[in-house]
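Chemist: Here it is: the structure, laid out below.
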Amino acid sequence: MDYKKAGVDIEAGYKSVELMKEHVKGTMRPEVLGGLGGFAGAFSLDSIKKMEDPVLLSGTDGCGTKVQLAYIMDKHDTIGIDCVAMCVNDIACSGGEPLFFLDYIACGKNYPEKIATIVSGVAEGCKQSGAALVGGETAEHPGLMPENEYDLAGFAVGVVDKKDLITGENIKPGDALIGIASSGVHSNGFSLVRKVFEMSEESLNTYYDELGKTLGEALLAPTRIYVKALKNVKDAGVTIKGCSHITGGGFYENIPRMLPDGVKAVVKKDSYEVPAIFKLLAKTGDIAEEMMYNTYNMGIGMVLAVDSADVEKTMKALEAAGETCYEIGKIEAGEKGAELC
């Protein structure tokens with residue numbers, strides 16, 4: 001008896017690392033010390049010494065049950081972007097710059113080419129956010145997970161000068177709400193998606209005219225990363241008073257997280273066109289509108305609160321970063337919460 005006969009292939013692990021090295025190399029920053037394969041990722045903090053009061057930020061998350069679509073479609077090159085996005089977008093919400101990222105892949109069986117493909121997506125997400133991929137772990141769990149399945153999670157560390165922290169404490173009535181478009185469902189609510197649509201290769205490969213693509217393509221579209229867009233707004237001289245990443249819990253749970261007591265966010269539902277994937281999901285699953293807004297991003301991946309005088313400047317900065325954005329509402333006095341009208 002040996003480890004391989006027990007279900008863990010150490011040689012496959014070595015091959016996975018070799019195959020992913022090229023992808024990881026493209027994410028390196030000057031602060032990264034040493035190469036891939038050490039026991040810990042080393043990152044110099046010399047570059048943040050210029051900050052008056054540097055504050056470290058962290059975020060950890062996964063892709064939830066969205067990974068099941070990747071299994072069924074046998075498409076594994078974008079799920080890593082989702083994993084990075086879920087972590088770095090949270091850091092960006094606080095005004096921070098992601099510095100480095102680590103991933104964790106648990107699988108039933110290590111297929112080196114598949115693992116390397118997953119990591120290629122992680123590396124792409126790191127490039128989009130400017131984070132270095134300094135390490136990770138691939139763990140084989142024979143007998144615990146089916147051979148063709150895996151789960152993916154990640155952890156990011158970022159930094160912000162304390163004076164630039166986005167806390168929401170200065171949000172006041174009259175401030176404007178700017179919504180930045182999402183790329184689709186992103187990485188939340190897939191347990192409900194999987195109840196509404198049949199999770200089969202045939203179903204996911206079905207083309208829908210209203211989507212302009214197959215169902216699987218629409219659902220698997222990677223989560224948009226907003227790090228560089230928010231930096232563009234800051235560089236334009238705009239103070240972002242509050243920022244909300246619209247993830248699980250949709251509008252009703254996430255927007256209030258950026259608000260101080262005594263104010264509410266009033267969102268105009270007709271201020272933008274809800275993407276077709278959400279309309280199809282609601283219609284097919286007979287899901288009430290309130291539940292949709294309480295579960296999904298409904299086409300808005302990030303909401304910013306800015307002074308009303310900064311609306312035009314904010315939107316120009318976002319558009320210059322390649323984002324689609326809308327003025328979706330305003331802040332009013334009232335009990336803290338989100339009101340849709």
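Chemist: Taking the Cβ of LEU204 as the centre, find all other residues whose Cβ is under 15 Å away and add up their charges (Lys, Arg: +1; Asp, Glu: -1). If you can, show how the numbers build up before the last one.
Modeler: Values: positive: LYS66, LYS75, ARG194, LYS195, LYS213; negative: ASP74, GLU198, GLU201, GLU202, GLU217.
Residues near LEU204 contribute 0 overall.
Chemist: What do you get for the angle between helix 10-25 and the principal long axis of the chain? Use alpha-carbon atoms, 0 to 90 degrees, nearest ten.
Modeler: Rounded to the nearest ten degrees, it is 40.
Chemist: With all protein chains present and a 1.4 Å probe, how do SER129, SER183 order by accessible area, largest first?
Modeler: On the way: SER129 5, SER183 45 Å².
Most to least solvent-accessible, the answer reads SER183, SER129.
Chemist: Oh, and also: How many Å² of accessible area per residue for the chain, probe 1.4 Å? Working shown, then result.
Modeler: Numbers: 15720 Å² over 341 residues.
Per residue, the chain has 46 Å² of solvent-accessible surface.
Chemist: Can you sort HIS76, HIS23 by 1.4 Å-probe accessible area, starting with the largest? Write down the numbers at each step before the final one.
Modeler: Details: HIS76 15, HIS23 65 Å².
So, going from the largest accessible area down, we get HIS23, HIS76.
Chemist: Taking 32 Å as the cut-off for C-alpha to C-alpha distance, list the pairs among LYS50/LYS316; LYS162/LYS269; LYS127/LYS313; LYS234/LYS330; LYS269/LYS316 that go past it.
Modeler: Working: LYS50/LYS316 29 Å; LYS162/LYS269 34 Å; LYS127/LYS313 26 Å; LYS234/LYS330 20 Å; LYS269/LYS316 22 Å.
Listed pairs above 32 Å: LYS162/LYS269.
Chemist: Placing unit charges on C-beta atoms (Lys and Arg positive, Asp and Glu negative, everything else neutral), compute the dipole magnitude of segment 22-133 about its Cα centre in debye, rounded to 20. Can you show the working numbers first?
Modeler: Numbers: 9 positive and 14 negative charges, 48 e Å.
The dipole magnitude comes to about 220 debye.
Chemist: Which value, in Å² rounded to 10, gives the accessible area of THR27 with a 1.4 Å probe and all protein chains present?
Modeler: Answer for THR27: close to 10 Å² accessible.
Chemist: Once you charge only the Cβ atoms, +1 for Lys and Arg and -1 for Asp and Glu, what is the size of the charge dipole of segment 189-341 about its Cα centre, to the nearest 20 debye?
Modeler: Details: 18 positive and 23 negative charges, 100 e Å.
The calculation lands at about 480 debye.
Chemist: Can you list the residues, at least 5 places off or on another chain, whose amide H is less than 5 Å from the amide H of GLY158, using H built in the peptide plane?
Modeler: Close amide H contacts, sequence-distant or interchain: LEU57, SER58, LEU99.
Chemist: Report ³J(HN,Hα) in whole Hz for each residue of segment 154-164, in order, from the Karplus equation J = 6.51 cos²θ - 1.76 cosθ + 1.60 where θ = phi - 60°; Gly and Pro get x.
Modeler: With the stated coefficients, segment 154-164 comes to x, 8, 10, 10, x, 9, 8, 6, 3, 5, 9 Hz.
Chemist: Also, I was wondering about something else. Packing-wise, with mean Cβ within 10 Å as the measure, how do 246-259, 312-325 rank, highest first?
Modeler: On the way: 246-259: 20.4, 312-325: 17.5.
Result, highest mean Cβ count within 10 Å first: 246-259, 312-325.
Chemist: When Lys and Arg each count +1 and Asp and Glu each count -1, what net charge do the other residues less than 14 Å away from LEU340, Cβ to Cβ, add up to?
Modeler: Numbers: positive: LYS264, LYS268, LYS269, LYS330; negative: GLU253, ASP270, GLU289, GLU290, GLU332, GLU339.
Once positives and negatives cancel, what remains is -2.
Chemist: To continue, here is another question. Treating the beta-carbon of each Lys and Arg as +1 and of each Asp and Glu as -1, no other charges, what is the dipole magnitude of the chain about its Cα centre, to the nearest 20 debye?
Modeler: Details: 34 positive and 50 negative charges, 99 e Å.
In total the dipole reaches around 480 debye.
Chemist: Sequence gap at least 6, Cα distance under 8 Å: using those rules, report the relative contact order of the chain to the nearest whole percent. The partial results should precede the final answer.
Modeler: Values: 760 pairs, mean separation 73.2, N = 341.
So the answer I get is 21 percent.
Chemist: Tally Lys/Arg at +1 and Asp/Glu at -1 over every other residue whose Cβ is under 12 Å from the Cβ of PRO54; what's the total?
Modeler: Details: positive: LYS49, LYS50, LYS162, LYS163; negative: ASP46, GLU52, ASP53, GLU97, ASP161, ASP164.
Every neighbour counted, the sum reads -2.
Chemist: Next up: In the structure displayed, which of LYS49/LYS109; LYS25/LYS109; LYS21/LYS231 lie more than 32 Å apart, Cα to Cα?
Modeler: Working: LYS49/LYS109 44 Å; LYS25/LYS109 25 Å; LYS21/LYS231 29 Å.
Flagged as over cut-off: LYS49/LYS109.
Chemist: I want the antiparallel fraction of DSSP beta bridges within segment 1-159, as a percent rounded to 5.
Modeler: Details: 19 of 28 bridges.
Percent antiparallel among DSSP bridges in segment 1-159 is about 70.
Chemist: Please name which of GLY248, LEU280, THR214 has its Cα lying farthest along the dipole of the chain towards the positive end, using unit charges on Cβ (Lys, Arg +1; Asp, Glu -1) and the Cα centre as origin.
Modeler: Looking along the dipole axis, the top candidate is GLY248.
Chemist: Computed from these coordinates, which is Cα extents along the principal axes in Å: (i) 68, 46, 36; (ii) 70, 54, 32; (iii) 68, 57, 45?
Modeler: Step by step, Cα extents along the principal axes in Å for this structure corresponds to label (ii).
Chemist: OK, next. Taking a probe of 1.4 angstrom, what is the accessible area of LYS49 in Å², to the nearest 10?
Modeler: LYS49 exposes around 150 Å² with every protein chain in place.
The values are calculated or read from the model by the stated rules, or taken from the named source; none is laboratory data. Just so it is clear, the structure is predicted and the values come from calculations on it, not from any experiment. Every residue, glycine among them, receives a Cβ derived from its backbone with ideal geometry; neighbour counts consider all protein chains shown. Heavy atoms of the whole protein, side chains included, go into the accessibility calculation; ligands, DNA and RNA do not. Shrake-Rupley method; radii C 1.70, N 1.55, O 1.52, S 1.80 Å.
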